[in-house]
1. Over the chain, give the accessible area per residue in Å² for a 1.4 Å probe, as an integer.
2. Given only helices, namely DSSP H runs of n ≥ 4 each adding -39500 (n - 2.57), what is the per-residue ellipticity at 222 nm of the chain, to the nearest 500 deg cm²/dmol?
3. Under a 10 Å cutoff between Cα atoms, tell me which one of SER35, SER73, SER51 has the largest fluctuation in the Gaussian network model of the chain.
4. Which percent of the accessible heavy-atom area of the chain goes to carbon and sulfur, probe 1.4 angstrom?
5. Hey, can you rank 57-65, 42-50 by average C-beta count inside 10 Å, highest first?
6. Quick one: go through the range 25-42 and flag any residue whose amide nitrogen is under 12 Å from the point 7 Å out along the Cα-to-Cβ line of TYR50.
7. Could you tell me which of GLY52, ILE67, LEU8 has its Cα farthest along the dipole of the chain towards the positive end, charges placed at Cβ (Lys, Arg +1; Asp, Glu -1), taken about the Cα centre?
8. Mind putting a number on the dipole of the chain about its Cα centre? Charges go on the C-beta only, +1 for Lys and Arg and -1 for Asp and Glu, and I need it in Debye to the nearest 20.
Amino acid sequence: MQEGTDILIKGGVTVPGLNPKDRTFWLYPIVAKDSKKAYDVLNNAGIDTYSGISQLYAVPVPEGSNIPKPEKSYEMFKNLLYL
């Protein structure tokens, strides 16, 4: 798994959940700058790729809160793919 992670990082792909010691996810999350293009390229290469299939989501900020919206998280979820 580490070799694949290293290849993705060298290619400029963001890998959420990279640092925990225990990785228990069975779908490997990646963030692509152009998720539609990455989805098509990976699937056409025979790599099963999925988008929008997780129960994970960015938690919205409560209305009226002074907490800033997590714009980076929202953007990440728009471009999140699972291998």
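The values are calculated or read from the model by the stated rules, or taken from the named source; none is laboratory data. For clarity, every value in this text was computed on a predicted model and none was experimentally measured. Note that we place each Cβ from the backbone using ideal geometry, even for glycine, and neighbour counts take in every protein chain shown. We work out accessible area using only protein heavy atoms, side chains counted, and drop any ligands, DNA or RNA first. Shrake-Rupley method; radii C 1.70, N 1.55, O 1.52, S 1.80 Å.
1. 79 Å²
2. Result for the chain: -9000 deg cm²/dmol, rounded to the nearest 500.
3. Most flexible of the set in this elastic network: SER73.
4. So the carbon and sulfur contribution to the accessible surface is 56 percent.
5. Highest-to-lowest ranking by the protection proxy: 42-50, 57-65.
6. 26-29
7. Of the listed residues, the answer is ILE67.
8. 120 debye
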